[in-house]
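Enquirer: Would you mind keeping the following structure in view while I ask a few things?
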Amino acid sequence: MAYPKLAINLSKIYHNGKLLVEMCEKKGIEIAAVTKVFRGHPEIARVLVEAGVSMLADSRIENIKKLKDIEIQKMLIRIPMLSEVEELVEYVDISINSELEVMDKISKEALRRNKVHQIMLMIDLGDLREGLWEDEIDSTVEQVLMMRGVQLAGLGANFGCYGGIVPERHTLEKLINIKQGIEKKYNISIPYLSGGNSNSLHLIWEEQMPEGINHLRIGYPFVLGKEDVYDQVIEGLYGDAFRLYGEIVEIKNKPSVPIGKRGIDAFGNIPEFIDRGIRKRAIVALGRQDVRLEGIMPKDDNVTILGASSDHLILDITDTETMYGLGDIMEFTLNYGALLAAMTSDYVEKEIIK
């Protein structure tokens, strides 16, 4: 087996998915499973479908293409680029939108293909990423309803990803009121009301999720067992479905401060060091080209990450009781950003564990 390696435990992902689906179903909420952190890997996506999610969602059409043989609705959760509308209509069933020019082009392309593309209109409730401001909603809805080839299938809001705003009950009640007002004014029914992503989950166990929210776009808890607000493992979920491994290529006793005139490092930074004397150090063949250094942690609590270059991870192993040797494999946990980077890197081997 080549290293570095990312081990992916499908049974733990299925367990996480099943529990989350059941938790949300009790509140009348469907889940669109976000596949972007694992780049639309079909085997992982199929496990989530088996666990009961109602959609697969991604921010990249390239990832959604990988899922084309899985019989379930596909959702694009990044505003479509004008340049990708043809592929959007071909591979995607429902997409989030906020720009009339884009929706008009989707309408025309869907008509050309004799399809109906579903639109989820995004409303900005304060996080200040994508979405319509309140005074734009009525005029936009009116024009969308006149378009052929598209269906207004949902309203949605995003939280946390840009402004760090935490969804609250009163915020989601505002989204519900907007939906009810549109339905009444235009005598229509809007199927989906998407109340955000995994940082809305805390409202479920805090008994604060308002009735009427029936859709969430969730990715983080499936893969790492955590929610976004408190960054804690959700009770009953596995936090170790993904594990990163790297091989030791050098072990030496060296000073803790580099010797000589110092300039910038390979990444344009001026590094700082604490003089702790001679320390036993290990180098693992794993670097910034493979993973986001700030998002990994050695499983061995007595090992400290000192730094990394493109290809080398430098560790202090002085205080550990484990007698590491050349060729030994070290295990690391990952956060969301590190997992995203490791899945994106072609240099990290992916091992599926069923």
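Enquirer: Pairs needed: first member in the range 1-26, within 19 Å of G239 (Cβ to Cβ); second member anywhere, of a type in the set (K, R); C-beta distance under 7 Å; at least 6 residues apart or different chains.
Expert: L6/K350; A7/R243; I8/K350; L10/K354; S11/K354
Results for (1) closer than 24 Å to G337 by Cβ; (2) out of contact with any Cys (no Cβ under 9 Å at 6 or more places or on another chain); (3) of a type in the set (A, V, I, L, M, F, W, C), shown as yes or no for each residue.
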residue	(1), (2), (3)
G154	no, yes, no
A157	yes, yes, yes
I178	no, yes, yes
E183	no, yes, no
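Enquirer: Considering only residues of the range 20-47 that are touching an Asp or Glu at 6+ places or on another chain (Cβ under 9 Å), open to solvent by 40 Å² or more (accessible area, probe 1.4 Å) and not small (G, A, S), which is nearest to S345 (Cα to Cα)?
Expert: The residue in question is R39.
Enquirer: Still on this structure, I have one more. Pairs only if they're at least six apart or on different chains, beta carbon under 6 angstrom, first in the range 296-313 and farther than 16 Å from R279 by Cα and at pLDDT below 95, second aliphatic (A, V, I, L, M) and loosely packed, with under 15 Cβ neighbours inside 10 Å; list them, first residue then second.
Expert: Note: pairs meeting the criteria are S309/A266.
Enquirer: Return the only residue of E90, E50, E62 being assigned to a helix (DSSP H, G or I) and either of a type outside the set (D, E) or within 29 Å of E142 (Cβ to Cβ) (or both).
Expert: Sole residue among the options that is assigned to a helix (DSSP H, G or I) and either of a type outside the set (D, E) or within 29 Å of E142 (Cβ to Cβ) (or both): E90.
Enquirer: Mind checking which residues of the range 248-293 are among the acidic types (D, E) and either at pLDDT below 95 or closer than 28 Å to K226 by Cα (or both)?
Expert: Listed by number, the residues that qualify are D265, E272, D275, D290.
Enquirer: Does A241 qualify as being closer than 19 Å to L340 by Cβ, at pLDDT 90 or above, among the small types (G, A, S) and surrounded by 19 or more Cβ atoms within 10 Å (Cβ to Cβ)?
Expert: Taking the combined requirement at face value, the residue satisfies it.
Enquirer: Taking the condition open to solvent by 30 Å² or more (accessible area, probe 1.4 Å) and touching a helix residue (DSSP H, G or I) at 6+ places or on another chain (Cβ under 7 Å), does R169 pass?
Expert: When the stated conditions are applied, R169 passes them.
Enquirer: Still on this model: Pull up the range 216-238, narrow it to residues that are part of a helix (DSSP H, G or I) and not aliphatic (A, V, I, L, M), then point me to the one that is most open to solvent (accessible area, probe 1.4 Å).
Expert: Selected residue: Y220.
Enquirer: Just to check your reading of the model, which residue among V102, V116 is at pLDDT 95 or above, farther than 22 Å from L216 by Cβ and open to solvent by less than 80 Å² (accessible area, probe 1.4 Å)?
Expert: Only one candidate passes the filter, namely V102.
Enquirer: Name the one entry in D58, D69 that is touching a Pro at 6+ places or on another chain (Cβ under 9 Å) and either at pLDDT 95 or above or closer than 30 Å to Y347 by Cβ (or both).
Expert: Answer to the check: D69.
Enquirer: Here is a follow-up. Would you be able to say whether some residue in the range 136-150 is open to solvent by less than 10 Å² (accessible area, probe 1.4 Å), of a type in the set (A, V, I, L, M, F, W, C) and within 25 Å of the chain's Cα centre (by Cα)?
Expert: no
The values are calculated or read from the model by the stated rules, or taken from the named source; none is laboratory data. What you see is a predicted model, and the numbers here were worked out from it, not measured in a lab. Please note: Cβ atoms are built from the backbone with ideal geometry, for glycine as well, and neighbour counts cover all protein chains shown. Note: accessible area is taken over every heavy atom of the protein model, side chains too, but ligands, DNA and RNA are not part of it. Shrake-Rupley method; radii C 1.70, N 1.55, O 1.52, S 1.80 Å.
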